[in-house]
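One structure is given below, encoded as structure tokens.
What follows is calculated from the coordinates using simple rules that are stated; it is not laboratory data. All figures in this text were calculated on a predicted structure; none of them were measured in a lab. Glycine also receives a Cβ, built like all others from the backbone with ideal geometry; neighbour counts cover every protein chain displayed.
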Amino acid sequence: MKRVYFEITENIPIAPSVYKITLSGDASDITRAGQFVNVKIDGLYLRRPVSVCDFSRDALTMIYKVVGKGTEKLSMKKPGEKLDVLSGLGNGYTLDNAGKRPLLIGGGVGVPPLYGLAKELKKLGAEVSVILGFNTKSGIFYREEFEKLGAKVLVTTADGSYGIKGFVTDALGQTDYTYFYACGPEPMLKAVYKNTVTDGQFSFEERMGCGFGACMGCSCKTVTGYKRICKDGPVLEKGEILW
């Protein structure tokens with residue numbers, strides 16, 4: 001973990017209430033897809049955890065949804081302004097068991113960390129498939145970015161306005177996968193857990209106090225005892241989750 005003052009290079013809307021922000025600065029503590037950062041928002045006590053979409057040693061891309069005061073203030077930030085960030089948090093995804101045909105499953109703002117993961121898997125020569133789940137056509141983002149990586153992309157919308165009508169689990173039958181990675185709201189993760197036929201990894205979205213394991217506010221029970229989503233996660237193996 002490292003405290004870094006990043007400079008904002010872009011902060012733009014890419015879907016209703018969804019923004020992409022790019023930062024310039026020392027991002028060397030981000031080493032794996034699935035890690036996150038904790039952003040200080042002026043005037044608010046608690047930092048806001050935001051997953052990392054893409055990264056290099058000197059830049060970060062994040063995608064976030066405006067859902068409250070913190071993210072609303074973040075959406076008003078302009079290029080050239082500085083952000084106080086705790087960088088390199090969380091454990092990220094592991095690639096060891098991905099196999100030849102990994103499947104990435106994302107719902108809403110659970111989609112962004114899967115982009116960096118797809119890039120890493122493609123570098124290993126994997127045949128990557130992606131299922132992206134949204135409520136409606138207007139909320140879709142990053143479909144084209146995944147396709148440009150060479151991934152097979154399936155999109156589901158709850159209202160049927162684009163792609164497959166329904167939820168991400170309704171697209172599972174159209175894929176042949178060796179392993180899976182999932183990120184999204186807990187109801188989606190539970191459904192994926194029940195409907196997948198291989199092992200996999202889940203990235204959890206959780207309210208956090210500190211973001212680095214001190215406050216214990218984001219603990220969850222696993223087969224080996226309680227784990228902190230911010231420190232021991234946000235990525236957990238399917239076999240250790242208790243639901």
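Computed quantities for the displayed model
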| read-out | value |
| --- | --- |
| Around Leu44: net Lys/Arg minus Asp/Glu count, Cβ-Cβ under 13 Å | +2 |
| Length added when fully stretched, Leu44-Glu72, from 0.36 nm per residue minus Cα-Cα | 8.9 nm |
| Formal net charge of residues neighbouring Glu81 (Cβ-Cβ distance under 14 Å; K, R +1; D, E -1) | +1 |
| With Cα atoms, 0 to 90° folded angle of helix 112-123 axis to the chain main axis | 60 degrees |
| Reported label for calculated Rg and Dmax of the Cα atoms in Å given (i) 17.0, 48; (ii) 18.7, 58; (iii) 18.0, 54 | (i) |
| For the chain, calculated [θ]222 nm from helices alone, where every DSSP H run of n ≥ 4 adds -39500 (n - 2.57) | -4000 deg cm²/dmol |
| Dimensionless Rg ratio for segment 102-205, taking C-alpha atoms and the 2.2 N^0.38 Å reference | 0.95 |
| Cα-Cα over 23 Å, subset of Lys77/Lys227; Lys2/Lys148; Lys82/Lys227; Lys20/Lys119 | Lys77/Lys227; Lys2/Lys148; Lys82/Lys227 |
| Charge dipole (debye, nearest 20) of the chain; +1 at Cβ of Lys and Arg, -1 at Cβ of Asp and Glu | 320 debye |
| Set of segment 117-136 residues, backbone N closer than 16 Å to the point 7 Å along the Cα-Cβ line of Glu237 | none |
| Neighbour-count ranking [beta-carbon atoms within 10 angstrom, fewest first] of Ser129, Ser17 | Ser17, Ser129 |
| Order by protection proxy (mean Cβ within 10 Å, highest first), peptides 102-112, 180-190, 4-14 | 102-112, 180-190, 4-14 |
| Residue-span extension gain [Lys100 to Tyr193] - 0.36 nm each, minus C-alpha spacing | 31.4 nm |
| Counted charge near Phe167, where neighbours are those whose Cβ lies closer than 13 Å (Asp, Glu -1; Lys, Arg +1) | +1 |
| Within the chain, percent of DSSP bridges classed antiparallel, to nearest 5 | 65 percent |
